[in-house]
Amino acid sequence: MYASREDIGYDFGDDSKVGSKPIKPNPNIDGGWAWMIVLSSFLVHILIMGSQMALGILNMEWLEEFNQSRGLTAWVSSLSMGITLIVGPFIGLFISMCGCRKTAIIGGVLNALGWILSAYASNVHYLFLTFGVTAGVGSGMVYLPAVVMVGQYFQKRRALAQGLSTTGTGFGAFLMTALLKYLCTEFGWRNAMFIQGAISLNLCVCGALMRPLSPKAISEKCIVRSNSEDNQAKALSCSAETIKSNRVLSEEPEKKEEATNEEVLDSVQHVEIGDKFKSGRKMYGLRILKTVSQLTVTVRKGFAIWYSSYFGAASLFTNRVFVAFIIWALFAYSSFVIPFIHLPEIVKQYNLSSQNNIFPLTSIIAIVHIFGKVILGIISDLPCISTWNVFLMANFTLVTCILTLPLMQTYVSLAVVCALIGFSSGYFSLMPVVTEDLVGTKHLANAYGIIICANGISALLGPPFAGWIYDITHKYDFSFYISGLLYMVGIIFLLIQPCIQKEQPRETSTEEAQV
């Protein structure tokens, strides 16, 4: 599985010292508490992504209640879904400072608060702030840690673990749609949102389950992975040259900060010892000062890691393959979202509504999507299979389906294409795995935050762009063709950059030989 890094085009060195030491694997990696992390992430996908896919129920209630245009009302759900993903880079900062567990718990409270405050909405613009922004940011603060923690706890079964956890999106779409429909019918949409806010507090429980791995366990995981890669394809540890230079960059400032901050803490401790016999009020003040100093150290360290990852001289953006991955993400997600929006209209255009009412095409996509994530995860974990190649093949299948879907004019042919769209879009479970292969476990939170931010921009702008194309051409076909072609451009970037990455070391080695 890990030969995929070699396919991507990195050159890795050799570390005989690391390889010579016998390493006792952590029992929680690929087993033990790792499966509780999968369960936690699964529930997060049900409560967040599943709820967002069921917002069509509330959208109809908002249209009837506030009597606003469809376009304006649709921005409420679009903001919630888009902001959940767009805030990814900033959530990476929270994770660097507070860790995944605290970030997820705070996000669960914020998400629940957004749902509850939205129950008192007096207009659509109020929902923009409470549901679109507040609940959206809270969702992002839980979603990113849920993905990152699965990547930290798994080594051999990463793709399967991510696939199982992300199937919560499909299950959540069915469960939350039925739940919101029932609550709106029995109690009204306002009480339904209040109850859903109470249910969303379970995100705090999911966050509490995200027990952090010790730094020693994470380093052991990286070393064990590097040893297995050495035996297969002479690959090294969990980061490439970009990440190594990041470490060199960040170590020196961190050491200086640690020295200065430790001096502050030591002085506080000395003063505290010397003032044992003084009044309790002064001792209480010194304890507060010590706590603030420790918090300052944590914040500065987290910000230094976050800043060096994004804006340092050796940031993630100096990794060309990763930049190509970002460009791909900008075009990919909208191609998956657009069929969900325009399929009902295409069905109506071809007079297939009676058959679609029996078994909706969007339901076919959602059901097969669940199996696609699990099956692609199992295939990618096979030792003889490259995750990168599986990822590319799934992308090629999806873009082919997007381009051919407008040509299908019977229910059976549309159902077959939709099933292929659902299965091939299961590559979403491989995105964290591919990202970790590119940048390493240490930088997974910041890197995947950028990727889901690009996905959020695509989800936010893709559907309105498709609607604008329809207004001009009065056909849905061009929406699929243009989004499919843009998607193909992103895939071409993924294919070109690894080839360039492979050629560069050869050129440099030739120049060194001449010297």
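The values are calculated or read from the model by the stated rules, or taken from the named source; none is laboratory data. Predicted model only: the values in this text are computed from it and were never measured. Virtual Cβ from ideal backbone geometry, glycine too; neighbours counted across all protein chains shown. Heavy atoms of the whole protein, side chains included, go into the accessibility calculation; ligands, DNA and RNA do not. Shrake-Rupley method; radii C 1.70, N 1.55, O 1.52, S 1.80 Å.
Miscellaneous remarks
- Val124, Val133, ranked by accessible area, largest first (probe 1.4 Å): Val133, Val124
- When Rg and the Kirkwood Rh are both derived from Cα coordinates, the Rg/Rh ratio for the range 78-126 amounts to 1.06.
- Based on C-alpha pairs under 8 angstrom that are at least 6 apart in sequence, the range 313-502 has a relative contact order of 41 percent.
- Judged by the mean number of other Cβ atoms found within 10 Å, the most tightly packed of the peptides 406-413, 55-62 leads the ranking 55-62, 406-413.
- Exposure of Phe174 as accessible area (Å², to 10), given a probe of 1.4 Å and all protein chains: 90 Å²
- The slack between Tyr126 and Phe317, meaning 0.36 nm per residue of separation minus the straight C-alpha distance, is 65.0 nm.
- Rounded if a/c under 1.5, otherwise prolate or oblate - the range 132-181, Cα gyration tensor axes: oblate
- Where a label projected 7 Å from the Cα of Leu461 along Cα→Cβ would reach, residues of the range 85-112 with amide N under 14 Å: 86
- Accessible area per residue (1.4 Å probe, heavy atoms of protein chains only) ranks Glu436, Glu64 as Glu64, Glu436, with the largest value leading.
- The heavy atoms of Cys204 present about 30 square angstrom of accessible area, all protein chains included, probe 1.4 Å.
- Here the 3J(HN,Hα) profile of the range 38-53, calculated from phi with Karplus coefficients 6.51, -1.76 and 1.60 at θ = phi - 60°, is 4, 4, 4, 5, 4, 5, 4, 5, 5, 6, 9, 5, x, 5, 5, 6 Hz, Gly and Pro shown as x.
- Taking all protein chains together, Tyr487, Tyr333, Tyr476 sort by accessible area into Tyr333, Tyr476, Tyr487, largest first [probe 1.4 Å].
- Over all orientations, the range 313-502 has a Cα convex hull whose mean projected area works out to 11.7 square nanometres.
- Rounded to whole numbers, the Karplus 3J(HN,Hα) couplings from phi for the range 347-356 are 4, 5, 5, 9, 6, 10, 5, 5, 6, 5 Hz, using 6.51 cos²θ - 1.76 cosθ + 1.60 with θ = phi - 60°, and x at Gly and Pro.
- Pairs with C-alpha atoms separated by more than 28 Å, drawn from the list Lys102/Lys181; Lys181/Lys348; Lys373/Lys475; Lys156/Lys442, are Lys102/Lys181; Lys373/Lys475.
- Taking a ≥ b ≥ c as the square roots of the eigenvalues of the Cα gyration tensor, the range 319-395 is oblate, since a/c reaches 1.5 or more and a/b is not larger than b/c.
- Percent carbon-and-sulfur accessible area, the range 360-502, ignoring ligands, DNA and RNA, probe 1.4 Å: 79 percent
- Kirkwood Rh, angstrom, the range 402-450 [1 / mean 1/r, Cα pairs]: 13.0 Å
- Rolling a 1.4 Å probe over the protein chains gives Met53 an accessible area of about 90 Å².
- Oblate is the label for the range 412-476, because the ratio a/c of its alpha-carbon gyration tensor axes (a ≥ b ≥ c) is 1.5 or higher and a/b is not greater than b/c.
- With a Förster radius of 25 Å applied to the beta-carbon distance between Ile327 and Thr404, the computed FRET efficiency rounds to 0.55.
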